[in-house]
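The values are calculated or read from the model by the stated rules, or taken from the named source; none is laboratory data. All values derive from a computational prediction rather than experimental measurement. Neighbour counts run over all protein chains shown; Cβ positions are idealised from the backbone, glycine included. The protein model used for the area step is the full one, side chains on, heavy atoms only, and it has no ligands, DNA or RNA in it. Shrake-Rupley method; radii C 1.70, N 1.55, O 1.52, S 1.80 Å.
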Amino acid sequence: MSVLLKSANVLYDGKFEAKDIVIDGGIVSEILSPHSFVDGYDEVIDLKGKFIFPGLIDVHTHLREPGFFYKEGIATATAAAATMGYTALFAMPNLDPVPDSPENINKELALIKEKALIKVYPYAAVTVGEKGEKTVDIEGLKDLAVAFSDDGKGVQREEIMLEAMKRCKAVGKIIAAHCEDENLVCGGYIHKGAYAAAHGHRGIPSESEWKQIERDIALVRITGCGYHVCHVSAARSVELIREAKKEGLPVTAETAPHYLTLDEGDLREDGRFKMNPPLRGRADREALVQGVADGTIDLIATDHAPHSAEEKSRGLKDSLMGITGLETAFPVLYTELVKTGVIPLEKLIALMSTNAADIFGVPGGRIVKGETADLCVYDLGYEYVIDSKKFVSKGKSTPFDGRKVCARCDMTFEAGRLVWKR
C-alpha cells in the first residue's frame, strides 16, 4: 500500500524543507519536492504545513514486564510512546526474571513480539540478578540484547565493571551505566541541597553519581569499551564526560527532560517529584542545559519509570522513586528549550532520535529514501495543558501535570504502519 504524505515540513538532510513523502512497502520510497499530482497512490494525506521528523527513540524506558505488570506493561508503554511519536524503546533490565541469561531474555523477547506496538530493544543485565557479584554470559547474550546495563543499581565493585568492560569490548557491545556509589547515598532520597536542609530530608550528594563516572572513565581508558552514562544529573558529571570526550574516549551520555527543566527549587512534598537520581540544584540544571547545547550530552531519554498510584502517594520521603515520561518529554522540551531559543528543533530531534540510532546501531533516526519509514507528524503550534489522567500509560505520576506546552503528535508510522493517529 502506497501512502503520500503531502505538503509537510520534513527534516531532510539535516534541515527542514517543504517535501512530499511516499511510504510504500514499509519504507520511504520517495522524497519529492511539493507537487500537485496525487494519482497512483492508495492514500493521500494532506498535512498542510505540519512537521515530519524521524520517529523518536527512547534509550531508557522501564516497561515493567515481565514481573511488575501492575505498574506498566509492554502494550500500554508502547501505545503511550506511539501517541508521542516514538517508534523504538530500549527496555531496562530491572525485571523479574532479570534478563541475565539467554533463557530469561528470550522470555522478554517473546512478550515483546506478542504485545509491542512499536520496536522494543531489551538491555541485558551486566551482572547476574543485577546483584553486582558476577558478570553475566555476555558472549551468549550479545546477539539478543541492544546493550548491557544494571540500571537501577550502580556496579559497586571496580573489578566486576573492569571484567564486564573487557568482555563487552571484545563483542562490540556498549555498557550503559547507572552511576551511583551506594557508600555515598547514606539513606538519602532527594538531593543533598537547600531544600533537603530546609525541610529535614535526608539528601543524596552529587558525588554519589560523579565519583562512579570518574571511576568508570578510568576503566574505559584501560579497556576501550563503549560506555554510556545514564540519566546524568550533576554539573561535575557533565565536566567529567566533556573531558573524556576531549580525550577521545568512547564515552556517551544521556540526561532526562526533568533534569533540564526542573531543579530542587521546584520540589514539592509530593511523590511525583521523586526520582533517582534526584532533581539537583540550579547550577546542575544549567550545566546540563549547556552540556546538551554544546554536544557533551548526546541523548535525552525519558527514564519512564511508572509505579502504581499507591506507591507514589506516600509523599516525598516514602514514595517509590520514578516518574512517567513518555507522554511529556517532547512537548516539554520543545516548549522549554526550542521555543525559548536554547537549541534549534533539529538539535532536539538529534538528541531524541538520530544520535540514539547512531550510537547503538539501530534502524531509524533519519528520513532517507529506501530506509525504514519510522516517522512522526507533529503540529508544533498546538497548545494544551498536560493532564496525567489522560495518559495511556498506567503510570500517572509526573511533575509536569498541569503545565502548558506546545507540540502535539498527530500521527506515528512505524516501519510504514500507521500505529497512531489523533
Report task. Examine segment 403-413 for a residue that is among the basic types (Lys, Arg), without any contact (Cβ under 8 Å) to a residue 24 or more places away in the chain, open to solvent by 20 Å² or more (accessible area, probe 1.4 Å) and closer than 18 Å to ALA80 by Cα, and state whether such a residue exists. Result -> no
Query raised in the report: Do we find a residue being touching a Phe, Trp or Tyr at 6+ places or on another chain (Cβ under 9 Å), of a type outside the set (D, E, K, R), at pLDDT 95 or above and more than 29 Å from GLU327 (Cα to Cα) anywhere in segment 229-244?
Result: yes
Report summary line: Looking across segment 9-26 at residues that are in a strand (DSSP E or B) and under 17 Å from ALA350 (Cβ atoms), the single one that is most open to solvent (accessible area, probe 1.4 Å) is LYS15
Report task. Please go through segment 171-198 and pick out each residue that is farther than 22 Å from ARG236 by Cα and touching a helix residue (DSSP H, G or I) at 6+ places or on another chain (Cβ under 8 Å). Result -> VAL171, LYS173, ILE174
**Report entry** Tally of residues being among the polar types (S, T, N, Q) and either surrounded by fewer than 17 Cβ atoms within 10 Å (Cβ to Cβ) or more than 26 Å from LYS173 (Cα to Cα) (or both) across segment 309-361
**Finding:** 6
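Quick one: in segment 189-205, of everything that is in a loop (DSSP other than H, G, I, E, B) and without any contact (Cβ under 8 Å) to a residue 40 or more places away in the chain, which residue is surrounded by the most Cβ atoms within 10 Å (Cβ to Cβ)?
The residue in question is LYS192.
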Query raised in the report: Across segment 326-381, what is the total count of residues that are touching a Gly at 6+ places or on another chain (Cβ under 7 Å), assigned to a helix (DSSP H, G or I) and over 16 Å from ARG403 (Cα atoms)?
Result: 6
Query raised in the report: Considering segment 379-402 alone, what residues qualify as being buried (at least 20 other Cβ atoms within 10 Å of the Cβ) and within 21 Å of LEU267 (Cβ to Cβ)?
Result: GLY395, LYS396, SER397, THR398, PRO399, PHE400
